[in-house]
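Scroll down for the structure; my scribbles are underneath it.
Please treat every number below as a calculation from the coordinates, not as lab data. On a predicted model such as this, the values are computed, not experimentally measured, just so you know. Ideal geometry is used to build each Cβ from the backbone, glycine not excepted, and the neighbour counts take in all protein chains shown.
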Amino acid sequence: MVRTLLVRGLLLGLLAGLIAGGFAFAFGEPGVDSAIALEEAHAAQEAPGHDHGEEALVGRPGQKAGLFLATGLYGLAVGGIFALVYAGLRGRVGPRSDGGLALAAAGTAFVAVILVPFVKYPANPPAVGDPETINSRTLLYVVTILVGLAATAIAVATARRVTAGPWARWGAAVAAFLVPVIAAWTLLPAVNEVPEGFPATLLWEFRLASLGTQLVFWAAFGALFGWACDRAARRAVTAVSPG
C-alpha cells in the first residue's frame, strides 16, 4: 500500500507541479521581467556603458523553460513526502474517507508550510533583497516553516484531547495553532529590504503570483490525490463485493 501511495504521490505531484508552473508562467513571469528590467536600468545608471546582459549565465527564455522543470521537480519531491505522511495518517487522524483526508492534509500543509512563513516573510522579485543577507533570510524562513509544522502538530494533539463537541474541538485546535504562530510572527525579526522607489504595485503583484502558484499546486495536488485515493477505495470495495 505504501509503495502504491508513493508512486501515486510522485506522479500526481509532478502533474500538479506542471499545472502550477503554467500558472507561474502566465501570472508570475511578467512581473519577473519587469523587476529584471528595473534592476538592469538601475545598474546601468550606476555603471554607464557596462553590458549587464552578459552576466546572466542562463537567458530569460532558458529560465522560463526551466520554470516548468523546477515546479515539476518540486511536485515530485513534495508528492513523495506527502504520500509517506498520508500513509502514516490514514486511519489514525482526520476524515475517514481517503479523499477527504487527502484534501484536509493538503490544505493543512499549505497553511503550515506555505502561508505561515509567507505572512512573515513574503516572496520578493529580483532586484529586492541584499545578497549578503540571503543565509540569514533563508534561516528565518526555515524557522517559520518549522513553527508552522509544530503548531499543526500541537493543534492536532489538542483536537484529539477535546471531547466536548465539534465546535469546541475546532475552536481549541485553531487556538492551539495560532498561539505559537502569532508568537513567532511577533518575536522573529522583520526583514524589509525593498529598495526605495520600487513600484509597490509590481511588488504586490509578484507576491500574489508567488502565493497563487503555491495555492494552485496544493489545490490541484490535493484534489488529484484525493480523487485517486477515493477511486482506488471504490475499486477495492467492488473487488471484494460478492457477485
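Some notes on this structure:
- 3J(HN,Hα) along segment 154-164, derived from phi through the Karplus expression 6.51 cos²θ - 1.76 cosθ + 1.60 where θ = phi - 60°, amounts to 5, 5, 5, 4, 5, 4, 6, 8, 8, 10, 6 Hz, with x in place of Gly and Pro.
- Our summary gives segment 130-193 a relative contact order of 36 percent, counting only alpha carbon pairs under 8 angstrom and 6 or more residues apart.
- With Cα atoms, 0 to 90° folded angle of helix 2-23 axis to the chain main axis: 40
- Packing, taken as the mean count of other beta carbons within 10 Å per residue, orders the peptides 185-198, 97-110, 63-76, 12-25 from highest to lowest as 12-25, 97-110, 63-76, 185-198.
- Rounded to the nearest 10 degrees, the inclination of helix 60-89 to the longest alpha-carbon principal axis of the chain is 30 degrees.
- The mean sequence separation of alpha-carbon pairs under 8 Å and at least six residues apart, normalised by the residue count of the chain, gives a relative contact order of 34 percent.
- Gyration tensor verdict on segment 130-193 (Cα atoms; rounded if a/c is under 1.5, prolate if a/b is larger than b/c, oblate otherwise): prolate
- Placing unit charges on the Cβ atoms only, positive for Lys and Arg and negative for Asp and Glu, gives the chain a dipole magnitude near 2180 debye about its Cα centre.
- Cα gyration tensor category, rounded, prolate or oblate, for the chain with a/c compared to 1.5: oblate
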